[in-house]
Every structure is written in C-alpha cells, then in structure tokens.
Amino acid sequence: MSDGYAERLRRLAAQRGCDTMLSGVRPESMREQVAALAATAGDDLPDVYGEGGPVAALEQRVAELLGVAAVAFFPTGTMAQQVAMRHGAELTGRAAVGLHPLSHPLLHERDAYALLAGVRAVHTTAAPRNPTAAEVAALAEPIGTLFLELPLRDAGFVLPTWDELVAVVAAARARGARVHVDGARIWESTVHLGHSVAEIAALADSTYVSFYKSLGGHSGAALAGDAELVGYARAWRHRYGGTLFQQWPTALAALVGLQRELPRLGGYVRHATVVAEALAALPGARVHPAPPHTHQFRFWLPYPAAALDAANLALAEQERAWFVGGWRDGTVPGMALAEVTIAGPALELDADGVRELAARFLRRLPTC
C-alpha cells in the first residue's frame, strides 16, 4: 500500500466518524452502498452489453429529464465527451473545438481529445469564465463544436447568466458550429440559470451528464441528444471499449441518486450562500464566486495547505467534526485554496454553526 493511499484511507475513516460536516458527505461503506442498491433493485434480469435492465431504465429517465430523443450510457464522462467532439468534427468537417483553457478536457484528460478523438483545441477566452457571444464571434478560425462547461469547475464553479448562455449559443450557430454542453454538474446549475435541465439541454446539440459528481452514484455518465448522435455514440462507445458486459450496479446507483439527491440539490445551492457569507468573514479569507453559483465554491485562507489539511484531520479525528479538506497552495504566496461542497450534512449548520466550527478549526492552526 502506497503512503498516498494510506493517507487517503485515513482521511476517509476520519470523515466516516464525524458527527458534524461542513464540506462534502460522509463516505459510505461497501455494505451500505450495496444495501442502497438492494432497496432499488427488482427481480428483473440485469442489462447485457448495455441493453435492457437498469441501464435502459436509466437512459429513459435521463431522456425524460433532459427532454431529448435519446440517451447513451457511458462508463466515463471523458469517453462520452470525446465521442461528442468527434461527432461534431465529422458532421461539420472541422476538427477544431472551441475549448476553455480551464475546461476538463484540457486540464484533466492527458490530451485525450487530441490523441484519441483527433480534434484540436481553439481557446475561446482567457478569462476565468465561459466565453461571451462576442468572443465566439471573434474567434480567429472556424470551429466544429463549441464546448461549454456548465459550471466551469476550475474557474470556481462559475456560470453565465441565462441571457449570456443563449447569446453565446446563437453566436456559435451563426458560425456554423455545433454546441456541446459539459453538464457534469448541470443538475445544480438550474438555480442560477433560472431554467430547467431540459431547457438548458434544448440549447445544445449534445449534453453530457455525470451520475457521481453531485448525485452520489458510483461512476458513469450519459450522452444525450438526437437519435443520430446516440446511434453514433453507441458505435464509438463499443470501439472505445465502453460497452461492458453488465453495468447494472452503476446504473442502479445512478437511479438512486436521481431519486434521492436530485430533489435536494436546490436546497444545497441556496444554503451555499449562507455558508459562503460566514466563511468570507473569517480573518484573511476569500470566497469565489460570491454568492456561489452552485452548491460548490472556492475558499482561500492565509495558511500553508499542509497546515490546513493537518488541522482539519486533527479536528475530525479528535472532535468528530469535518471543516474543509483537500487544500492546495495557490498562485498567491501564503494563500491556500480548497473547494467547498455543500451537501446534506451542511444543512445542519446555520451561519452561527458555521462560525463556531470555523473557530474550532482555526484554533488548531499555527500562530505567527
């Protein structure tokens, strides 16, 4: 066992033992997760190579939620989005994809979009937000697909306004480009945008959704759009090795998430504003965006990341309380950054509760 994995297990064990938690959720054991699946599973037969069973039920449910003609289940979002970009390139004859420099394909996928899907990136803007209509209209070269990550996670989970989103889609259409929405976190974006997931998906030619990032599933994703897109997606999913023999556990976990967590996300988003305001008042602290656009936001404190993680772990192990973990040193010297995720446990903390927990955390940090 590596030192990194051992440390990760220690953090997960500490989280499981906490009675109070500000950011994130308590990890469930395998037995607890299997019990949740058993409560949802019926006596029908499972899927076979992606057909029938819970996979078919999940695809139908997502199609209903997004208001699209068809949906294809994928084991990963990385695979699903490569297929969407490849499809756009083949339909338009343009290998260029409009991508933000902070988008997931450019930061987290080891250049898979270029090496496997055969497309190339055109940066849409250098600003830490999604591009504007003017920026798309002014791109120096034609693109086959405009890729919009909603929200843009590595800029702070930021979203455009609805009018800005409509305008940028229109600008892409005017240039002959297709529009793909990276909707890994689309479920919680509806509050800020003021429109349903179906209305958001209706703007795009293809939409990817995740089943674990906000819904608490095991893994898995879906690519949604018209019948032509999904037929193409199923063929390329097979070529990528994504048509597994049985995927019913993952599909069942996604169905549980849609039933259990999806109705709660709006409450998490609203409570994130309360939490962010309390955290922003701490000495030397910053939050972004203010107020948060979703139930996740960025949080800075003027300490080294190692000291903040050590203080949080000690608080969890000794006082059974989890503040915020996953700190990393930022680009500003002396400031460390973490991502805060507001979920069910945080609803138990009002503003005073957040301040009290923060004070317990800060007392464990070294003084200058």
Top-ranked residue of the range 4-42 - restricted to ones that are open to solvent by 70 Å² or more (accessible area, probe 1.4 Å) and within 22 Å of the chain's Cα centre (by Cα), ranked as modelled with the lowest pLDDT = Arg8
Listing of helices (runs of 4 or more DSSP H) fully contained in the range 13-126 that carry 3 or more residues being touching a residue at least 24 places away in the same chain (Cβ under 8 Å) and closer than 30 Å to Arg320 by Cβ = 30-40
note = Taking the range 328-349 and keeping only residues that are modelled with pLDDT of 95 or more and either more than 22 Å from Val269 (Cα to Cα) or loosely packed, with under 14 Cβ neighbours inside 10 Å (or both), one is left with Arg328, Asp329, Met335, Ala336, Glu348
query = Which residue, of Gln318, Gln259, is in a helix (DSSP H, G or I) and over 23 Å from Cys18 (Cβ atoms)?
reply = Gln259
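Quick one: would you say Trp322 is open to solvent by 40 Å² or more (accessible area, probe 1.4 Å) and touching a Gly at 6+ places or on another chain (Cβ under 9 Å)?
Here the answer is no, as Trp322 does not meet what is asked.
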note = Per the filter on the range 159-217, residues in contact with a His (Cβ under 7 Å, 6 or more places away or on another chain), charged (D, E, K, R) and farther than 21 Å from Ala69 by Cα are Glu188
inquiry  = Take Ala184 and tell me if it is over 15 Å from the mean Cα position of the chain (by Cα), closer than 25 Å to Pro292 by Cα and modelled with pLDDT of 95 or more.
reply    = no
key: Those residues of the range 115-128 which are farther than 14 Å from Leu148 by Cα, buried (at least 18 other Cβ atoms within 10 Å of the Cβ) and touching a strand residue (DSSP E or B) at 6+ places or on another chain (Cβ under 8 Å), in sequence order   = Val119
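The values are calculated or read from the model by the stated rules, or taken from the named source; none is laboratory data. None of these values were measured; they are calculated from a predicted model. Glycine gets a Cβ as well: all are built from the backbone with ideal geometry, and neighbour counts include every protein chain shown. Areas reflect the complete protein model, heavy atoms only, side chains present, ligands, DNA and RNA absent. Shrake-Rupley method; radii C 1.70, N 1.55, O 1.52, S 1.80 Å.
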